[in-house]
Amino acid sequence: MKIYGQDEFTVLFSRMKILEQVEAIAKRIKTNFSNQSDGRPILLICVLNGAMYFFVELTKMLSDKDILIDTIGLSSYRNGVDSAQIITIVKKLDIDPRGYHVLVVEDIIDTGLTIQFLRNLLVEAGAASVQFCCLLDKRPRRMVQVDIQYVGFVMENDEFVVGYGLDYNGRYRNLPYIAALHPRMYKK
């Protein structure tokens, strides 16, 4: 148990383990995108805000690749009437994805609804290809089947995680590791 003020966590993935996974993902990306023959850079899109830490580490490890960087901000909430998840864009892309091979970088994928939304958005915008990369694949909450090409860690338990960009009410993003927040900290 790690103490952070009055809040309690269980560390799941240390900073060292995270960096090892990011490096392994970067190697796979380099290999998979080395066959790209159209000469265009890869467009990497960071999903704000949670993926920032992962995105920065990943892009540094891709320094020998020709890449463009962009960000997108999304918000999702449950419609009170039918409980459908509604996803809205709060920060649009600055680069038109038309014709680019796109790699979307997420911190965590749980329900799959957000990346399903993003895939549709990017395909409709004319991206040459769309792939997904996430640090955490949280499968117990999956609502739709999704294809994720690059995964850091698979989570089989439905734990609330914080750190390394992941937050609870805006807090804990700055932790250098990923930890499960004790349920008493968020169930009140």
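Being within 24 Å of residue 28 (Cβ to Cβ), among the charged types (D, E, K, R) and out of contact with any helix residue (DSSP H, G or I) (no Cβ under 8 Å at 6 or more places or on another chain) narrows it down to one residue among 119, 171, 141; which is it?
119
Hey, can you tell me all the residues within the range 1-27 that are surrounded by fewer than 17 Cβ atoms within 10 Å (Cβ to Cβ) and either modelled with pLDDT under 95 or assigned to a loop (DSSP other than H, G, I, E, B) (or both)?
Result: 1, 2, 3, 4, 5, 6, 8, 10, 11, 14.
If you go through the range 43-66, how many residues are at pLDDT below 95 and surrounded by fewer than 16 Cβ atoms within 10 Å (Cβ to Cβ)?
Within the range 43-66, residues that are at pLDDT below 95 and surrounded by fewer than 16 Cβ atoms within 10 Å (Cβ to Cβ) number 3.
Which pairs turn up if I take residues in the range 108-131 that are closer than 12 Å to residue 145 by Cα and touching a residue at least 12 places away in the same chain (Cβ under 8 Å) and look for partners that are of a type in the set (Gly, Ala, Ser) and not in a helix (DSSP H, G or I) with beta carbon separation below 8 Å, at least 6 apart in sequence or on another chain?
The qualifying pairs are 113/76; 114/76.
Looking at the range 161-178, which of its residues are outside any loop (DSSP other than H, G, I, E, B), touching a Leu at 6+ places or on another chain (Cβ under 7 Å) and more than 16 Å from residue 110 (Cα to Cα)?
If the condition is that a residue be outside any loop (DSSP other than H, G, I, E, B), touching a Leu at 6+ places or on another chain (Cβ under 7 Å) and more than 16 Å from residue 110 (Cα to Cα), then 163 is the only one that fits.
Six or more apart or on different chains, Cβ under 6 Å: which pairs go from a residue in the range 157-182 that's within 10 Å of residue 11 (Cα to Cα) to one that's part of a loop (DSSP other than H, G, I, E, B)? Could you list them?
162/172; 163/172; 163/175; 163/177; 177/14; 178/164; 180/159; 181/160
Inspect all residues belonging to the range 139-148 and state whether any of them is over 16 Å from the mean Cα position of the chain (by Cα), among the β-branched types (Val, Ile, Thr), more than 17 Å from residue 52 (Cβ to Cβ) and at pLDDT 90 or above.
Yes, the range 139-148 has at least one match.
Could you check the range 80-160 for strands (runs of 3 or more DSSP E) lying wholly inside it with 1 or more residues that are closer than 16 Å to residue 22 by Cβ and of a type in the set (Gly, Ala, Ser)?
Ranges flagged: 150-155.
The values are calculated or read from the model by the stated rules, or taken from the named source; none is laboratory data. Because the structure is predicted, anything quoted here is derived from the model rather than measured. Cβ sites come from the backbone with ideal geometry, for glycine too, and all protein chains shown count toward neighbours.
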